[in-house]
Amino acid sequence: FGLLAALELHPTNKKCGVHAPIGGFRAVANALEELAVVNGVKILYDATVTQVTNSGVHVLMNGENDNDDDNNSNNGGADFVEADITVINADLPYATTCLLDGANSNDDEVLSTSLDDCYDWNDSFRFSSGVIAFHWSLNKELTALNTHNVFMMSQSRDVAKQSWEVLRSNTCTSSEHFAMDKQQQPFNFYVHRASGTDPTAAPNGCDAIMVLVPCQTLLRDEVCATLPRSEAMKRYKDQFDDEMVSSVRDGVLQRLSVLHGLEDLKEHIVHEAVDTPGSYADLYNLATGTPFALSHGFGQLSLTRPSAECKEFGNVLFAGASSRPGNGVPLVLLGAKSVAEKAQRKLSILEEVEQVILQ
């Protein structure tokens, strides 16, 4: 959160502050999509990029998309889509390992991989914590909660220290920390009640909250590097099994039950969605399954954070939380704006070169 204050000093911010859009941050992505379509951008949905080269990407079409056969050539079951500039939105530590695996090859026509490509990441980086997220829809209003709520263990210094042990310990896994067969370990968590500021988050008389419980990231399973993606994901998801998630859920509900009006919270949950490092890895190709990307230690902050410029391919750029300037939707959007400007400059240079060649 300390990084958000720095946005006030950013030259493009114009002292506007940081705002939460109506409809949640998904509304930002939807608005950008709408602008792209209005301006003639063709979006290929239900498609998987399997390889990125300096002149385009290999794409497996999972659904029915209209392909321009003149622009796409089939290569090993995948279409090759030519591109002057490619912006990779996938998590950088995953992308550099899985999508740019042929970067050192002299042959630009790198063989594309299959849908069962392996899931892997670059271990040379330091990562933020993992999180177990509960998304609850409720049939009552939770007026006892603010928009942002942090619940931390504070009975004693020892208890406070133990509450972070799940992130710091090299010997105690998240599964062991939250084990059901022993006394509940102390832990900290955050609750976001979007309806406190956004009335569209829930119908009248109802509510919706998100609970984030810090945990370890995925622990590397060496076997997974040799398995098809689907099998690897199953093994990684098993690190956060139903028993462990149930234990964490019960702990959160017990802690919240001391608040006035939340004594019977469990009885008012009408729908639940749960995310773990395993599901985040599967859905979004996030390295180690952390939704918070690379950590913000001194070695990965500002100029020491990975650049948006790809070292291997001059026509490839990175956008997202693991590249500059950093994690969090406001920072990621600033980074995306910077990447768009870089892409425009590169395209201008390419156009000038083409004009010189034609002359």
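The residue that is surrounded by the fewest Cβ atoms within 10 Å (Cβ to Cβ), among those in region 187-229 that are in contact (Cβ under 8 Å) with a residue 40 or more places away in the chain and among the acidic types (Asp, Glu), is Asp198. For the condition of a type in the set (Val, Ile, Thr) and modelled with pLDDT of 85 or more, Thr147 qualifies. Phe189 meets all of the listed conditions (1) under 23 Å from the mean Cα position of the chain (by Cα); (2) farther than 30 Å from Arg157 by Cβ but one, namely (2). Among the residues making up region 232-249, those that are more than 21 Å from the chain's Cα centre (by Cα) and in contact (Cβ under 8 Å) with a residue 40 or more places away in the chain are Glu243, Met244, Ser246, Ser247, Val248, Arg249. Counting the residues of region 230-244 that are surrounded by fewer than 17 Cβ atoms within 10 Å (Cβ to Cβ), closer than 19 Å to Leu286 by Cβ and at pLDDT 90 or above gives 4.
Evaluated against (1) at pLDDT 90 or above; (2) surrounded by fewer than 21 Cβ atoms within 10 Å (Cβ to Cβ); (3) in a loop (DSSP other than H, G, I, E, B), Trp121 falls short on exactly one condition, (2).
Let's see how each residue does on (1) surrounded by 15 or more Cβ atoms within 10 Å (Cβ to Cβ); (2) part of a helix (DSSP H, G or I); (3) aliphatic (A, V, I, L, M):
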position: Ala273; (1), (2), (3): no, no, yes
position: Tyr280; (1), (2), (3): yes, yes, no
position: Thr288; (1), (2), (3): yes, yes, no
position: Leu303; (1), (2), (3): no, yes, yes
position: Asn327; (1), (2), (3): yes, no, no
position: Pro330; (1), (2), (3): yes, yes, no
position: Gly335; (1), (2), (3): yes, yes, no
position: Ser338; (1), (2), (3): yes, yes, no
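Whenever a residue of region 328-340 is in the same structural domain as Val316 (by TED's automatic domain parsing) and closer than 15 Å to His19 by Cβ, its partners that are in a helix (DSSP H, G or I) and not β-branched (Val, Ile, Thr), lying with C-beta atoms within less than 7 angstrom and at least six residues away or across chains, give the pairs Gly328/Leu3; Gly328/Leu4; Pro330/Leu4; Pro330/Leu7; Leu331/Leu3. When the criteria are applied in full, Ala232 fails the requirement of being touching a strand residue (DSSP E or B) at 6+ places or on another chain (Cβ under 6 Å) and either over 25 Å from Phe151 (Cα atoms) or not hydroxyl-bearing (Ser, Thr, Tyr) (or both). Selection of region 305-325 for residues being exposed (fewer than 15 other Cβ atoms within 10 Å of the Cβ) and of a type outside the set (S, T, N, Q) yields Lys311, Glu312, Gly314. Restricting region 310-339 to residues that are of a type in the set (Gly, Ala, Ser) and within 15 Å of Ala83 (Cβ to Cβ), the residue that is modelled with the lowest pLDDT is Gly314. All conditions in (1) hydrophobic (A, V, I, L, M, F, W, C); (2) in contact with a Phe, Trp or Tyr (Cβ under 7 Å, 6 or more places away or on another chain); (3) free of Cβ contacts under 8 Å to residues at least 24 places away in the same chain hold for Cys310, with the sole exception of (3). With the condition kept exactly as written, say whether any residue in region 293-302 is farther than 17 Å from Pro93 by Cα, of a type outside the set (Gly, Ala, Ser) and touching a residue at least 24 places away in the same chain (Cβ under 8 Å). Scanning region 293-302 turns up no residue that is farther than 17 Å from Pro93 by Cα, of a type outside the set (Gly, Ala, Ser) and touching a residue at least 24 places away in the same chain (Cβ under 8 Å).
The values are calculated or read from the model by the stated rules, or taken from the named source; none is laboratory data. Everything quoted here is computed from the prediction, not taken from an experiment. Don't worry about glycine lacking a Cβ; one is built from the backbone with ideal geometry, like all the others, and counts go over all protein chains shown.
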